[in-house]
Amino acid sequence: MRLTGLHLLLTYQCTFECDHCFVWGSPWQSGTMTLEQIRYILREAEECGSIESIYFEGGEPFLYYPVLLKGVQEAARRGFGAGIVSNAYWATTLEDALEWLGPFQGLIQDLSVSSDLYHYDETLSKQAQNACDAAEELGIAVSVLSIAQPEDGEAAAASGVLPPGESGVMYRGRAAATLAARAPKRPWSTFTECPHEDLREPGRVHLDPLGNVHICQGISLGNIFQTSLGEICETYSPDLHRIAGPLLAGGPSELARRYGVPHEDTYADACHFCYEVRLALRERFPAILGPDQMYGVPEE
Ligand SMILES: C[S@@+](CC[C@H](N)C(=O)[O-])C[C@H]1O[C@@H](n2cnc3c(N)ncnc32)[C@H](O)[C@@H]1O
Ligand code: SF4
């Protein structure tokens, strides 16, 4: 497996608790990367040799502003392209947004600002607009990410990295629990492939504060704090992976069939079916199907 991008979930915490959030971001979540962990991850990324870009997201990365800034500075110093994905809660006015963003000038190649009817009560929030205006003034490339409502059949869900503009919701994480009921359904047997992630050659993975290397939110390939990233990449064998293997062989339908997981007749999309089957398999594959944060299990 050859990786070109790492997406760091700087924190699982968030200012918001969006209905569609596939990482269950929330003020009540736990798990935040330390500077020491970020430095370790960047060293691992360097040793990997193929990684070009590091994205900082979450949760809401601006919640840990000094750590975010230092992480971005470190990433840029080591020659990685850096980007940030944010809900722009901090962009109260244009003047304030310029203060928040100014230190990132010349350091990040992309600012992705999320705005839609999950994040705010208007499609393009004032905060998102202020963040975009400030980024443009500072010469930072910026785009708005927007996720459609379940009833909007027009918007196709993204595959891989979320594209600028509007895309459809993927019914995994909190979206499976809160939104799937509003979506049109299809028979379970039609979900015979994973349409959103390249499970064989993902290109980019998500890293969380516990060290999990996610090929999709909640499906781990290993722990970077226990095994080097290079070794995780070298030893990843897609067809033999206990979850990715069946998904590659026949999508969520095959995952359910392979492990004898009872299922409903219909689901909103492949992610919805996959997420429900994975929930049922968590006890069997605890090292792969975690952490609790990704499955909406609050800390005791
Ligand atoms: C998880 S958020 C983290 C960064 C930041 N808090 C934000 O909202 O931009 C990253 C992006 O994932 C998108 N996202 C979250 N859950 C999703 C889902 N179920 N389907 C599609 N996109 C989703 C969000 O809308 C956001 O653009
Ligand atoms: S989508 Fe972003 S803003 Fe919304 S809860 Fe998740 S992490 Fe927070």
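Within segment 39-58, the set of residues being open to solvent by less than 20 Å² (accessible area, probe 1.4 Å) and farther than 23 Å from GLU234 by Cβ comprises PHE56, GLY58. The sole residue among SER159, SER189, SER125 that is closer than 17 Å to SER86 by Cα and among the hydroxyl-bearing types (Ser, Thr, Tyr) is SER125. Pick from segment 97-152 the residues that are modelled with pLDDT under 95 and among the acidic types (Asp, Glu): which of them is farthest from GLN73 (Cα to Cα)? If we take residues in segment 97-152 being modelled with pLDDT under 95 and among the acidic types (Asp, Glu), then GLU151 is farthest from GLN73 (Cα to Cα).
Looking only at segment 241-259, decide whether some residue is touching a Gly at 6+ places or on another chain (Cβ under 7 Å), aromatic (Phe, Trp, Tyr) and open to solvent by 10 Å² or more (accessible area, probe 1.4 Å).
Taking segment 241-259 as the starting set, the residues that turn out to be touching a Gly at 6+ places or on another chain (Cβ under 7 Å) are none.
The answer is no; no qualifying residue exists.
The residue of segment 5-24 that is least open to solvent (accessible area, probe 1.4 Å), among those that are within 11 Å of the chain's Cα centre (by Cα) and within 7 Å of ligand 2 (Cβ to nearest atom), is VAL23.
Matching residues to (1) surrounded by fewer than 19 Cβ atoms within 10 Å (Cβ to Cβ); (2) over 14 Å from the mean Cα position of the chain (by Cα); (3) away from ligand 2 (no atom under 16 Å from the Cβ):
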residue	(1), (2), (3)
GLY160	yes, no, yes
MET170	no, no, no
GLY173	no, no, no
ALA176	no, yes, no
ALA180	no, yes, yes
PRO184	yes, yes, yes
PRO195	yes, yes, yes
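Residue-level check: of (1) part of a loop (DSSP other than H, G, I, E, B); (2) touching a His at 6+ places or on another chain (Cβ under 7 Å), ALA176 misses just (1). Screening GLU154, GLU166 for residues that are away from ligand 1 (no atom under 11 Å from the Cβ) and either open to solvent by 40 Å² or more (accessible area, probe 1.4 Å) or touching a residue at least 12 places away in the same chain (Cβ under 8 Å) (or both) leaves exactly one candidate, GLU154. Taking segment 113-149 as the range and being open to solvent by less than 10 Å² (accessible area, probe 1.4 Å) and either out of contact with any helix residue (DSSP H, G or I) (no Cβ under 7 Å at 6 or more places or on another chain) or farther than 18 Å from LEU98 by Cα (or both) as the test, the residues that pass are SER115, ASP116, SER125, ALA128, ALA148. The residue that is farthest from ALA183 (Cα to Cα), counting only those in segment 260-280 that are buried (at least 16 other Cβ atoms within 10 Å of the Cβ) and charged (D, E, K, R), is ARG278. For segment 176-192, residues that are more than 14 Å from ligand 1 (Cβ to nearest atom), among the hydrophobic types (A, V, I, L, M, F, W, C) and within 18 Å of PRO252 (Cα to Cα) total 2.
Residues that are touching a Ser or Thr at 6+ places or on another chain (Cβ under 6 Å), assigned to a loop (DSSP other than H, G, I, E, B) and small (Gly, Ala, Ser) within segment 206-252 are absent altogether.
Does GLY222 satisfy the criteria of being of a type outside the set (Val, Ile, Thr), more than 16 Å from ligand 2 (Cβ to nearest atom) and surrounded by fewer than 22 Cβ atoms within 10 Å (Cβ to Cβ)? Give the steps one after another, and end with the answer.
Working: of a type outside the set (Val, Ile, Thr): yes; more than 16 Å from ligand 2 (Cβ to nearest atom): yes; surrounded by fewer than 22 Cβ atoms within 10 Å (Cβ to Cβ): yes.
Criteria met by GLY222.
Considering ALA75, ALA91, the condition of being away from ligand 1 (no atom under 16 Å from the Cβ) and open to solvent by less than 10 Å² (accessible area, probe 1.4 Å) is satisfied by ALA75 alone.
One residue is enough: does segment 253-271 have a residue meeting the conditions in a helix (DSSP H, G or I) and out of contact with any helix residue (DSSP H, G or I) (no Cβ under 6 Å at 6 or more places or on another chain)? Yes, the conditions are met somewhere in segment 253-271.
Restricting PRO27, PRO61 to residues that are touching a helix residue (DSSP H, G or I) at 6+ places or on another chain (Cβ under 6 Å) and either within 16 Å of ligand 2 (Cβ to nearest atom) or on the phi > 0 side of the Ramachandran plot (or both) narrows the list to PRO61.
The values are calculated or read from the model by the stated rules, or taken from the named source; none is laboratory data. Predicted model only: the values in this text are computed from it and were never measured. Every residue, glycine among them, receives a Cβ derived from its backbone with ideal geometry; neighbour counts consider all protein chains shown. Just the protein is used for accessible areas: all its heavy atoms, side chains included, with ligands, DNA and RNA removed. Shrake-Rupley method; radii C 1.70, N 1.55, O 1.52, S 1.80 Å.
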